[in-house]
Structures are given as structure tokens and as C-alpha cells.
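Just so you know, all these numbers are worked out from the coordinates, no wet-lab data involved. Since we're looking at a predicted model, the values are computed, not measured. Cβ placement follows ideal geometry from the backbone for every residue including glycine, while neighbour counts extend to all protein chains displayed.
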Amino acid sequence: MGRPIRPRACWGRLISEMAAIRPTLIQKNPFLFSSFSVGRSSLSVKEEMDETHLEVPSNLIHELEVKKLAKVKDEHKLFDEMRRRFLSFKKHKYLENLEHFQALAELQAPKFMVISCVDSRVCPSNILGFQPGEAFTVRNVANIVPPWENGPTETNAALEFAVNTLEVENILVIGHSSCAGIQSLMSMEDNALDSSFVHKWVVNAKAAKLRAKAAGAHLSFDQQCKHCEKESINLSLKNLMMYPWIEERLKQEMISVHGGYYDFLTCTFEKWTLDYKNTSRVDNDDDHGCLIKDQSIWC
């Protein structure tokens, strides 16, 4: 005997009951109806619904199938555009500069090590025009250089390779306006216990937060965040001094350390350089800042 057809008015209650009985299907699998579900991409919407033991109206099945196909189509469009851009790069840059790219295939000798934010609006190569082979780059949330004593991360691993192996001549830390990582840092309670990966990372810049709040107690939250965005860059410059292999090169004037701040609201870029000789080092004093020189604004 087949299952009885339920009135439409019962659908909302029935779905709620299903979620309570089989929470793994909805609560733990947010991609239940997604074409990108792991191990489920070959299932139709009707087959997925059948797994929940629900009687689903045909018009609803059709609507969900259309949405599912639309997502797949959109994905294809994204990669079609990516393919077009790659072939354009190959034709207009790679093949027209074939000798240069063949030389890069054998050896890289970048002048810059760039540390910037993961924010999709802040691509160093796009903003500053770095060409392939010019800048060894690592990106992380809020463009933070963690203290030496905090141990290995992908950021200082990249630094070590850039400085010791590639022997870059410049390290440039680039921050930017409206940084969500800095906003997260500024919003955190000082002694809060948090399992968030983002919070555990940005707390590396806690000293910058304290300096920004102390200097801008009278300012709005947004203004304090902007102040912290720049304080965090300078904290990273100071942290770079604590890496022995960077400090040694700074003493010998074999490397320079710079800060940069990109404001994409006004499309301006501030650049400055760490004044290593005149910056006093105070061990374990997180409140001590660093001196800068050669400050300029590109607008």
C-alpha cells in the first residue's frame, strides 16, 4: 500500500518534524540540495527528497531541479570566463614575453617579499603592478606578521624562504581600509575564550588594538579601526626586527622593511620605511612602537 498524500497545509509542520527526526539531513548537511554536495552530485532533487521519505509535490521538485541546474550552469560560466582570461594572458603576455617567462621557469630572483591581506579587493599585483617574478607574496587575514616567539606559521615560513634563500632586498607589509580582520580584532573582548580560527590569528595584533584604543578613545569605532589598521602594520614591522635572520640583514643594510596602506575608498596608497637605526628595541614590550621614515602618499 502506498503512503497517503498529505494536504499542502501540513508541509511546513512535516518538514520541521523531519528536521527533528533526521537532523543530519538538514542541519549537518547545508548542501543537501546543492549540486556540489560531496558524494551526492549525481542525485536528482527527487531522489534526495525520496531519501527523506517525504511526498513532494511535482511542481516543487521541478522548481528545485531548475535551481540546481542553474547553479551548475553558473559554475560553468565562471570557469568559461576564467579560461578566457588565461588564454588572453597566454597570448598577450606569456607568448609576447616568452624569453622572460622561460628564464623565470629556471630561476626566480624577486626584489620584494610582500605580506598582504587575503581580502579579495586588495591584490598587490593588481594594485601595485607587480609582474611575475618581481614579488614573493604571502597573504593572510589582516596582513599580520606574528612575533618570532610564537613559533612557525605559513607567514614566517614564507619569510624565511624569501630572506634566506631568495635573498630579497625589501619586505613590504600592506594593510588596507575596511579590513574585516582588524574589525574582528577590535570587537573582541580582551579576555574572551574563543574557538574561532580568525580570532586566534588576529590576536597576534592585540598590541596594535591596545595602542589604537588608547590613542583614539574619543573616536568612533570605525575611526579606531582605521587607526588600528595602520598600528597593526607598524607592529608587524617591529615583529620583523625580532627574526634573527632579518635583524642581521637590517644591521648590515642588506634589507629594508616597509609599510604600505591602501585605501580603496579614496584609491590612495601610503608608503613608509622602518627606521631601524633609530628604533629602540625593548624586549617583550608590546606597547613600544617603531620609528618610520621616508613617508609618502600616492594619490
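Distances between placed amide hydrogens fall under 5 Å for Asp275 paired with Leu291, Ile292, Lys293, all partners being 5 or more residues away or on another chain. Its residues counted as N, the range 117-199 yields a C-alpha radius of gyration over 2.2 N^0.38 Å of 1.24.
Directionally averaged projected area (the range 183-299, Cα convex hull): 8.7 nm². Extension gain, Glu75-Gln131: 0.36 nm per intervening residue step, less the Cα-Cα distance, totals 17.3 nm. Listed by chain and number, the lysines whose C-alpha is less than 23 Å from the C-alpha of Lys238, apart from same-chain residues fewer than 8 away, are Lys111, Lys200, Lys206, Lys209, Lys213, Lys226, Lys230, Lys251, Lys271, Lys277, Lys293.
Would you mind getting me the FRET efficiency between Glu247 and Glu154? Use the beta-carbon distance for r and R0 = 22 Å, nearest 0.05. It comes out at approximately 0.55. Each peptide in 258-266, 203-211 receives the mean, over its residues, of other Cβ atoms within 10 Å, and ordering these scores from highest gives 203-211, 258-266. The modelled label-to-label distance for the pair Asp194/Leu104, using points 7 Å beyond Cα in the direction of Cβ, is 3.7 nm.
The Cα-based radius of gyration of the range 155-210, divided by its Kirkwood radius, gives an Rg/Rh of 1.09.
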